[in-house]
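See below for the structure under consideration.
The values are calculated or read from the model by the stated rules, or taken from the named source; none is laboratory data. Owing to the predicted nature of the structure, the values given are computational and were not obtained by experimental measurement. Neighbour counts are summed over all protein chains in view; Cβ atoms, including those assigned to glycine, are modelled from backbone coordinates with ideal geometry.
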């Protein structure tokens, strides 16, 4: 699975542009899990998404996945875990900079 980072939500963004999307992923046990799409970041010609589990017990952890367009259906995407720690750190730093007013990063 992708890297997990910790953040605390400060607010809902008010008038700021929000993606406001819920994505449902299936875990390794076949259970559907809802995630909020917090950001989409383009880096080195690839798109990465930063997701947060919508479960009330979530303590601010986010997941980072690479979004890959389905060649058979351009309206569909699949999400692949990112195994490169250096790339994960770059994406997370961009996410922190872009969202510093919305989250309290630990």
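What number of residues within the range 79-106 satisfy the criterion of being in a strand (DSSP E or B) and either in contact with a helix residue (DSSP H, G or I) (Cβ under 9 Å, 6 or more places away or on another chain) or at pLDDT 95 or above (or both)? Spell out the reasoning first.
Narrowing the range 79-106 to residues in a strand (DSSP E or B): 79-81, 103-105.
Checking the rest, the ones that are also either in contact with a helix residue (DSSP H, G or I) (Cβ under 9 Å, 6 or more places away or on another chain) or at pLDDT 95 or above (or both) come to 103, 105.
Summing the residues that are in a strand (DSSP E or B) and either in contact with a helix residue (DSSP H, G or I) (Cβ under 9 Å, 6 or more places away or on another chain) or at pLDDT 95 or above (or both) in the range 79-106 gives 2.
Is one or more of the residues making up the range 51-66 touching a strand residue (DSSP E or B) at 6+ places or on another chain (Cβ under 6 Å), over 24 Å from residue 28 (Cα atoms) and either buried (at least 16 other Cβ atoms within 10 Å of the Cβ) or modelled with pLDDT of 90 or more (or both)?
Checking the range 51-66: not a single residue is touching a strand residue (DSSP E or B) at 6+ places or on another chain (Cβ under 6 Å), over 24 Å from residue 28 (Cα atoms) and either buried (at least 16 other Cβ atoms within 10 Å of the Cβ) or modelled with pLDDT of 90 or more (or both).
Evaluate the following for residue 76: is it in contact with a strand residue (DSSP E or B) (Cβ under 8 Å, 6 or more places away or on another chain), surrounded by fewer than 13 Cβ atoms within 10 Å (Cβ to Cβ) and either at pLDDT below 90 or not in a helix (DSSP H, G or I) (or both)?
On the way: in contact with a strand residue (DSSP E or B) (Cβ under 8 Å, 6 or more places away or on another chain): yes; surrounded by fewer than 13 Cβ atoms within 10 Å (Cβ to Cβ): yes; either at pLDDT below 90 or not in a helix (DSSP H, G or I) (or both): yes.
Yes, satisfied.
Out of all the residues in the range 79-95, which are free of Cβ contacts under 8 Å to residues at least 40 places away in the same chain and in contact with a strand residue (DSSP E or B) (Cβ under 7 Å, 6 or more places away or on another chain)?
Correct list: 80 only.
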